[in-house]
Amino acid sequence: MKERGIGSGGALAWFLQRLTGIVLVPILLVHLLTMHRYHEHGLAWDQVTRLMSNPYWKVLEISFLVLALYHGLNGIYAIIQDYVKVAWVRLAIFSLVILAGLVLLVFGIVTVLSIKAPA
Amino acid sequence: MKLDVTYHKHDVVVVGAGIAGLYAALKTSGEVDTAVISKVYPTRSHSGAAQGGCAASLGNMMEDHWEWHMYDTVRGSDYLGDQDAQALLVRDAVQVMYEMEHLGVPFDRTEEGRIAQRPFGGHFGNFGKSPMKRSCYAADRTGHAQLHALYEQCVKNEVRFYNEFYSLLLIMKGGTCLGLVAWDIIRGGLHVFHAKAVHLATGGYARCWKITSNAMANTGDGLALVMRQGLPLEDMEFVQFHPTGVWKHGMLVSEAARGEGGYLTNDKGERFMKEYAKEKMELAPRDVVSRAVQTEINEGRGIGGQDCVHIDLRHLGKEKILTRLPQVRELALKFLGRDMITDPVPIQPTAHYSMGGIPVNLDTLVLGDSQKGTVPGLYASGECACVSVHGANRLGTNSTLECAVFGRLGGLKMLDYVRQHSGHEDLPADAAEMAREEIEHLLSTAGTKSGVRSADLRTRLQETMSENMAVYRNQGDLEKQVKICQELREQCRQVAIDDGGLCANTDLIEAVELGHMLDYSYVIARCALERTECRGAHWRTDHPGRNDKEWLKHTMAWLEGDHVRLEYKPVVITRFQPEERKY
Amino acid sequence: MYRWHAGYVAWLLNRITGILITFYLVMHIWVIHHLAHGPEKYRMVMDFLGSPIFVFFEICIIGVVLYHMMNGIRIVLVDFGNGAWTHKTLFWVVMAIGVVLFVLCIWELAGALLGLSHAVAATH
Amino acid sequence: MERTLRVFRFNPETGQEPHYDTFTIEVEDSWTVLDALNEIKWHHDGSLSYRRSCRHGICGSCAMMVNGKNEATCEKPLSALKGTITVEPLKSFPVIKDLMVDQEDFFEKLRLVKPWLINHKAPPTDKERLQSPEDRKIIDGTWECILCGACTSSCPAFWDNQGFLGPAALLKAFRYVGDTRDEGLDERVGILDSKIGVWRCHTIFNCVEACPKSLNPTAAIVKLRRRLIQEKL
Ligand SMILES: Cc1cc2nc3c(=O)[nH]c(=O)nc-3n(C[C@H](O)[C@H](O)[C@H](O)COP(=O)(O)OP(=O)(O)OC[C@H]3O[C@@H](n4cnc5c(N)ncnc54)[C@H](O)[C@@H]3O)c2cc1C
Ligand code: HEM
Ligand code: SF4
Ligand code: F3S
Ligand code: FES
C-alpha cells in the first residue's frame, strides 16, 4: 500500500472546486446569454467589442476566465490523481497542467484587455 | 505430504474473539505480549448476534440492587448455579457496565444521559416481586455494539490477532498448559503457539442441533480440545431452547414480539398457551413456552401438521409493528417472505444457549477434576465455560454479562500468573504431532470417493439431536441418541473430503469440526440420560419434577475413548436456599 | 461498473462533461483570441463557426455545460446540504431544471439560426 | 424446486484460470443464496470455499456479488432472484479462493482511522459518562455497520485507487468523530485529510446502493468533510 502520505490531501482543492463551481453558475449564465447570441453571421464584431470594452465586462470576463480555468484544470488534475499511479508521471502531468493554465490565462487576459471599443 | 510448522511465542494466547475472549485480551494487552486466535474475523464472532441487552443493577430507571439481580439469577438457574460465582457476576456487573461505556460502547441513553435500561424476562425487583428494567442496551444490537467496541480497543492496544486461524490441539506437559497448535485456514500450515497462559473463549456450541439460533462457527471446538486432554466438562445436559425460532431456519424472533403482545396459535387458530400458563399466557418463561410449543407440534396441532406454530402480531396493527418491532418484521419478510402486518409467521423452538461447558473456578482457571484441582496455565470464559452462573437455565441478558465479567476477570488473573512466570517452559518435542496426523490424514482422503461425506454425518447428528433430545427428553430417546452418537463417531473415521488443498480449505475445517461436535454431543446425550429429573432446561417426561435430594449437583463428564465417565460435584449454596421455581 | 443507478451515472457524466468543457474552454480561449485581431479576422472565424455543424456543436456544448452545472449544484447540495439522503430525487430534480434551462438557452441563443425566434435578429 | 447457480471458481493451487461452475440443485422456497451454496458444498462439491457464520446478517462474513449486486447472501432469498443465479466474490478485493476475498487490507484501513474512543479526560469513577439521547443519535447509522466490505468493494474511487480508505473505514471514522464523548478529531485529521482520505470520495453513492444493512456511508463522509473544512479553514 503506497501513498500513506499524511497531510495536504487536497482539502483546499476540494473546497475551491465547489466554491468556484458555485460562483461560476451566475457568471456562466450571464456569459452564455450575452456572448453566445448567434444570428446568421455570429455575434457582430462591434457588438462584442462594445460590450467588452466596458471595464465591468472586462472584470466579469476575466474572473470567468480565471475561475473556469482554475476549476477545469483542478478538475482534470483530480481525475489524473485517480488514474495515474506513478508519482513522476503525476508530477509531470501536474506541471503540464499548471503550465497550460498559465499560458491560457495570459492568452485570455491579453485578449480581453486588448479589445478596444470600435472607433 | 509433510506439513510446515511455524512457531510463535507470546505471553498470553486467547482462543476466541467474542466478548469473552476480547475482554480477556484487552486486560492483558498493553501489559504483556498478547495474541488472539480466532477462526473468524473478530467482529464476525457470534457475540455480535446478541440483541436484547446486558444485565446490571445500575438502577438508572428504577431502584435496583445486586442482591435482587442475584436472587433472579439463582432462581433462574433452578438453584443449580454456584452462588459464589453468581454473587461475583452480579456485583461486578455494575462496574463492568460502566467500564464498557468508558470503552465506547454506544449504549442507548435516558433523558438524564445515563445508560438506558429495559425489562427482560426473568428479571425482577425486590426478590422476584415487581418487574425490573435491568437490561442495558444499544437498540436491538447490544452484542454487536459491545463486540465492536472491545475489538477496537484491542486493536488500539496492539493485540496480535491471528485471524482465521483454527485451534486444533492444546499442548500440555505434566498437567500444565504450554500453548496450542492451530491451522492457518487461509494459507494452510500448522502453527505452534507457545504461551505462558492460554485462555479458551470459543463460545456456544448449539450447532449440533438442526434448528438453532447459533452461528455456523459455534461448533464447540474449545470443549473438544479440553476433553482430548483428558479433562472433564460440566453440566453438559443443560441447553436452553428458545420458543420462537424462525421456522426451518432457527434464527431468533426476539422475545420482544411476545412482550409487545404477540399471540401464539396452533393449526386450529387457538391461543394454546391458555392450556399451559393460564395467567402469564405467552409471557411465561422461555422454557415453559418452548415446551408448550413443542407439545402442540408433537400432538399434531402444528400448522398443517408440520413442525411449527404461528406467532401472530396482526392484532397489534401496522403502526405498532412498524415502530416497535421493525427488526422482527424484517426477519420474517427476509426468511419466510411473510409480512407480520398481514400474516401470522411460523416459528418453532430453537436450540439457543449452552449452560454447561469447560469447568472453571472463580479465577477462570480450568478445573481438572470434580474437586478443586486446576490446570495451571489454562483458562476459560464465556459461553464455552461453566463457572457456573447459569446452572440449569440462563436468564436473558445474563450471558453477555458473564462473558464480560469473567472474560475481564480472566484477563486480570492471567496477568498475575504471567508476571509470576518469567520464562516459557520448554515445549515437548512432538508438540504438533497429533494435530499434524489429524490434518494430514484428512487431506490424504481428498478425492477418495469411497469415504463418507462429513456433511451427511453432520446432518444425521443434527436431525437426531433435534428428534431425540431437544425440549423434551426421555430414557428411550436418550438411549437411542447415545447409540447414534457412538455410531457416528465410528463412521467419522471414514470421512473423506473433496478438497486436498492447503489454501482456504473449508472442507477440511468442516470435517475437523464434525469430529468436535460428535465428541461433545455424545457427552451431552450421556449426561442427559443420567439425570433423571426435570430441572431448568432439562425436561425428562419420564421423571417429572425437580429432585433436589438426588440431583442438586453438577455433572462432571470425561470422554475416555469410546466411553463417557461421569462424576458429580456439589452445588455452592451460600445465600438462597432452593425453593420451588414459580413465576 | 457496479450497477447503473442515478448516483453512478451522475458521476460518470459529470466527469465526462467536466473534461469536455475544459477542452472546449481551451478552444474557446483560442477562438476569442481572434477578437483582438480586428473585425476582418473575427468575421472570418465567426462565419466558420456559424456553419450548421458548429451550431450543432455549440448546442451540444450548452447541454453539456448545463448538465455539469446542474449536477455540480446537486453535488454541492450533497456536500453542504442534506442531499446525501435524497441524492436520487435531487438528481431528477436538477435534471428537470436543466432541461428547462436548456430549452430556454436554445430558444434564446440559437433561435435565429433555427428559425424559432426573431428576437436575436431584432437586437442586431 | 430446482434452481441453477453459476458460481465463480478460482483456486491458486491448481493453476487453473478463474472460471464459473454451474450447479443445478433442489432447493426449498424458504432458502437464501447462502443455503443454496451450503447445499452445493455439502452435497455436490466440498471444495467450494466461501465465508459464512451467523446466517442472519449480523456477522458480515457472507457478502458476495449475486447477479451483479453485493448482498449479504445469508439474507438474500432465492425467491427474490429470477433465472440462473450468478454468485461471484466481492469485486476489487484480491480473491483467495472461489468466493473468499482477502480483507486484510480492508481491516488495516479501519485501523488507520483509529476506531476507538479518544478522550483525554479520565472517565468518572463508578459512573458512566453522560450523553444526551440527542447526542447519542448523531452516530445512529454508523455503529450498526457489520464490516462486510460490500460498500468498499463497490466504490469506483476505491477501484481506481486501492489506497483510498473507502466508505466502510470512513463510516467508522465518523462513528467516533461524531460521538460527543470523543475528542480525537485532531489525531485523525492526519489520515482523514490525507491523499487516501475523505477527498478521494466523489459522492458516487455506489456504497449506499451496495450496503446490505441500508446504511449511508456517503452521509458520514460528507459530515466528516464538513468537520475537516471547519477545522482547516
Ligand atoms: C441469537 C442470539 C441472541 C442472543 N442474545 C443475547 C442477549 O440479548 N443477551 C445476552 O446476554 N446473551 C445473548 N445471547 C447469548 C450470548 O450472545 C452468547 O452467549 C455470548 O455472546 C457468547 O460469547 P463468547 O465470547 O463466549 O463467544 P462467541 O462470541 O461465540 O465467540 C467465539 C469465538 O471463538 C472463536 N473460536 C471458536 N472455535 C475456535 C477455534 N477452534 N479456533 C479458533 N477460534 C475459535 C470464534 O472465532 C469466535 O471468535 C444470544 C445468543 C444468540 C445466539
Ligand atoms: C457552471 C457551474 C459549475 C459547477 C456548479 C461545477 C461544479 C463542479 C463540482 C462540484 C465538481 C466536483 C465534482 C467531484 O469532485 O466529483 C466539478 C468537477 C469538475 N468540473 Fe465543474 N462545475 C461548473 C463548471 C465547470 C466548467 C465551466 C468547467 C470547465 C472548464 C468544469 C470542469 C470540471 C472538471 C474537469 C471537473 C472534474 C470532474 C471530476 O473530478 O470528475 N466545471 N465541477
Ligand atoms: S457500511 Fe454497509 S456495506 Fe459497508 S461494511 Fe458496513 S454494513 Fe457492509
Ligand atoms: S461509492 Fe465511493 S466515491 Fe464515495 S459515495 Fe461511496 S465512497
Ligand atoms: S452469515 Fe453472517 S452476515 Fe451472512
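Which of (1) more than 30 Å from B:Gly122 (Cα to Cα); (2) buried (at least 23 other Cβ atoms within 10 Å of the Cβ); (3) of a type outside the set (A, V, I, L, M) is the odd one out, the single condition B:Glu567 does not satisfy? Just one mismatch for B:Glu567, condition (2). Mind counting the residues in the range D:195-233 that are in a loop (DSSP other than H, G, I, E, B) and out of contact with any Phe, Trp or Tyr (no Cβ under 6 Å at 6 or more places or on another chain)? So the count comes out to 12. Is it fair to say D:Leu117 is modelled with pLDDT of 95 or more, within 27 Å of D:Gly197 (Cα to Cα) and part of a loop (DSSP other than H, G, I, E, B)? Yes: the conditions hold for D:Leu117.
Only one entry in D:Val189, D:Val177 is under 20 Å from A:Ala11 (Cβ atoms) and either within 15 Å of ligand 4 (Cβ to nearest atom) or buried (at least 23 other Cβ atoms within 10 Å of the Cβ) (or both), namely D:Val177. Determine whether the range B:191-199 contains at least one residue that is within 21 Å of D:Asn38 (Cα to Cα), of a type outside the set (Phe, Trp, Tyr), surrounded by 24 or more Cβ atoms within 10 Å (Cβ to Cβ) and in contact with a Leu (Cβ under 8 Å, 6 or more places away or on another chain). There is no residue in the range B:191-199 that is within 21 Å of D:Asn38 (Cα to Cα), of a type outside the set (Phe, Trp, Tyr), surrounded by 24 or more Cβ atoms within 10 Å (Cβ to Cβ) and in contact with a Leu (Cβ under 8 Å, 6 or more places away or on another chain).
Could we say that D:Lys69 is within 19 Å of the chain's Cα centre (by Cα) and more than 16 Å from ligand 2 (Cβ to nearest atom) here? Yes, satisfied.
For (1) within 12 Å of chain C (Cβ to nearest Cβ); (2) within 16 Å of ligand 3 (Cβ to nearest atom); (3) not hydrophobic (A, V, I, L, M, F, W, C), each residue gets a yes or a no:
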| site | (1), (2), (3) |
| --- | --- |
| D:Glu183 | no, no, yes |
| D:Val189 | no, no, no |
| D:Ile204 | yes, yes, no |
| D:Ser214 | yes, yes, yes |
| D:Ala219 | yes, yes, no |
| D:Glu231 | no, no, yes |
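D:Glu144 falls short of the stated requirement of being among the charged types (D, E, K, R), more than 16 Å from ligand 5 (Cβ to nearest atom) and modelled with pLDDT of 95 or more.
For (1) in contact (Cβ under 8 Å) with a residue 40 or more places away in the chain; (2) within 16 Å of ligand 4 (Cβ to nearest atom); (3) surrounded by fewer than 24 Cβ atoms within 10 Å (Cβ to Cβ), each residue gets a yes or a no:
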site: D:Gly141; (1), (2), (3): yes, yes, yes
site: D:Ser154; (1), (2), (3): yes, yes, no
site: D:Ala157; (1), (2), (3): yes, yes, yes
site: D:Gly166; (1), (2), (3): yes, yes, no
site: D:Asp182; (1), (2), (3): yes, no, yes
site: D:Glu209; (1), (2), (3): yes, yes, yes
site: D:Asn216; (1), (2), (3): yes, yes, yes
site: D:Ile221; (1), (2), (3): yes, yes, no
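Here B:Glu275 clears all of (1) in contact (Cβ under 8 Å) with a residue 12 or more places away in the chain; (2) touching a Lys or Arg at 6+ places or on another chain (Cβ under 8 Å); (3) acidic (Asp, Glu) except the condition numbered (2). Being in contact with a Ser or Thr (Cβ under 8 Å, 6 or more places away or on another chain), within 13 Å of chain D (Cβ to nearest Cβ) and of a type outside the set (Phe, Trp, Tyr): is that true of C:Gly7 here? Against the criterion (in contact with a Ser or Thr (Cβ under 8 Å, 6 or more places away or on another chain), within 13 Å of chain D (Cβ to nearest Cβ) and of a type outside the set (Phe, Trp, Tyr)), C:Gly7 qualifies.
Determine if the range C:76-87 includes at least one residue that is modelled with pLDDT under 80, farther than 30 Å from A:Ser114 by Cα and among the small types (Gly, Ala, Ser).
no
For B:Thr323, indicate whether it is part of a helix (DSSP H, G or I) and surrounded by fewer than 19 Cβ atoms within 10 Å (Cβ to Cβ). Judged against the criteria, B:Thr323 is a match. Restrict the check to the range B:50-68 and report whether at least one residue is within 30 Å of B:Asn505 (Cα to Cα) and either at pLDDT below 95 or out of contact with any Gly (no Cβ under 7 Å at 6 or more places or on another chain) (or both). Checked against the condition, which is being within 30 Å of B:Asn505 (Cα to Cα) and either at pLDDT below 95 or out of contact with any Gly (no Cβ under 7 Å at 6 or more places or on another chain) (or both), the range B:50-68 yields at least one hit. For the range D:108-141, which residues satisfy the criterion of being within 16 Å of ligand 3 (Cβ to nearest atom), at the interface with chain B (Cβ under 9 Å from one of its Cβ atoms) and within 19 Å of B:Gln146 (Cβ to Cβ)? Matches in the range D:108-141: D:Leu110, D:Pro115, D:Ile139, D:Asp140.
Elements of the type strands (runs of 3 or more DSSP E) sitting completely within the range D:24-89 and holding at least 3 residues that are within 14 Å of ligand 3 (Cβ to nearest atom): these cover D:63-66, D:69-72.
Every residue, every condition in (1) under 16 Å from B:Ala525 (Cβ atoms); (2) within 14 Å of chain D (Cβ to nearest Cβ); (3) surrounded by fewer than 24 Cβ atoms within 10 Å (Cβ to Cβ), yes or no:
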position: B:Trp209; (1), (2), (3): yes, yes, no
position: B:Thr219; (1), (2), (3): no, yes, no
position: B:Met227; (1), (2), (3): yes, no, yes
position: B:Trp247; (1), (2), (3): no, yes, no
position: B:Gly250; (1), (2), (3): no, yes, no
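The values are calculated or read from the model by the stated rules, or taken from the named source; none is laboratory data. All of these numbers come straight from a predicted model, not from anything done at the bench. Cβ: placed from backbone, ideal geometry, glycine included. Neighbour counts: every protein chain shown.
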